[in-house]
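Everything below concerns the one structure shown next.
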Amino acid sequence: LVNDEGTVTGVVDWDGAVAGNGDFDLYTLRFDLALRAPDLGRWLGVRLRRAMAEDVAQACWAHMSLRLVDWSIRHLTAADVQAWLDVAVELRP
């Protein structure tokens with residue numbers, strides 16, 4: 001979303017983002033990038049560590065770790081479960 005001055009004021013993500021904590025949405029993106037675009041994910045991770053309170057980062061990490069591992073157990077393969085477990089360990093604040 002862009003305002004009349006051309007400034008980005010928001011992002012529409014029809015797959016999982018909701019009105020709420022923007023830090024959580026960025027942390028969700030960080031998990032996705034860990035597998036899809038690791039270099040970009042590391043870049044985002046540096047910025048999140050600088051900007052996000054440690055307790056918020058820990059809550060976001062815990063939520064995403066459990067969410068993705070649970071989803072993988074119920075819907076995907078053992079390899080996917082392991083991949084998300086590995087990401088969770090790598091991204092632990």
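Taking first residues from the stretch 70-93 that are modelled with pLDDT of 95 or more and partners that are open to solvent by 80 Å² or more (accessible area, probe 1.4 Å) and assigned to a helix (DSSP H, G or I), the Cβ contacts under 6 Å between residues at least 6 apart in sequence or on separate chains come to Val81/Ile73.
When the helices (runs of 4 or more DSSP H) confined to the chain are screened for residues that are among the basic types (Lys, Arg), those reaching at least 2 such residues are found at 22-36, 38-51, 54-75.
The requirement of being open to solvent by 50 Å² or more (accessible area, probe 1.4 Å) and modelled with pLDDT of 90 or more is satisfied by Leu40. If I filter the stretch 75-85 for residues that are under 15 Å from the mean Cα position of the chain (by Cα) and of a type in the set (Val, Ile, Thr), do I get at least one hit? Checking the stretch 75-85: not a single residue is under 15 Å from the mean Cα position of the chain (by Cα) and of a type in the set (Val, Ile, Thr). Has the stretch 27-34 got any residue that is without any contact (Cβ under 8 Å) to a residue 24 or more places away in the chain, among the hydrophobic types (A, V, I, L, M, F, W, C) and buried (at least 16 other Cβ atoms within 10 Å of the Cβ)? Checked the stretch 27-34: at least one residue is without any contact (Cβ under 8 Å) to a residue 24 or more places away in the chain, among the hydrophobic types (A, V, I, L, M, F, W, C) and buried (at least 16 other Cβ atoms within 10 Å of the Cβ). Taking into account only those residues within the stretch 43-73 that are surrounded by 14 or more Cβ atoms within 10 Å (Cβ to Cβ) and among the β-branched types (Val, Ile, Thr), which is farthest from Arg92 (Cα to Cα)? So, considering only residues that are surrounded by 14 or more Cβ atoms within 10 Å (Cβ to Cβ) and among the β-branched types (Val, Ile, Thr), the one farthest from Arg92 (Cα to Cα) is Val69. Gly16 meets all of the listed conditions (1) open to solvent by less than 50 Å² (accessible area, probe 1.4 Å); (2) more than 10 Å from the chain's Cα centre (by Cα); (3) at pLDDT 95 or above but one, namely (3).
The values are calculated or read from the model by the stated rules, or taken from the named source; none is laboratory data. This one's a predicted model, so the numbers in the text were calculated from it and none came from an experiment. Every residue, glycine among them, receives a Cβ derived from its backbone with ideal geometry; neighbour counts consider all protein chains shown. Ligands, DNA and RNA are excluded from the accessible area calculation, which covers all protein heavy atoms including side chains. Shrake-Rupley method; radii C 1.70, N 1.55, O 1.52, S 1.80 Å.
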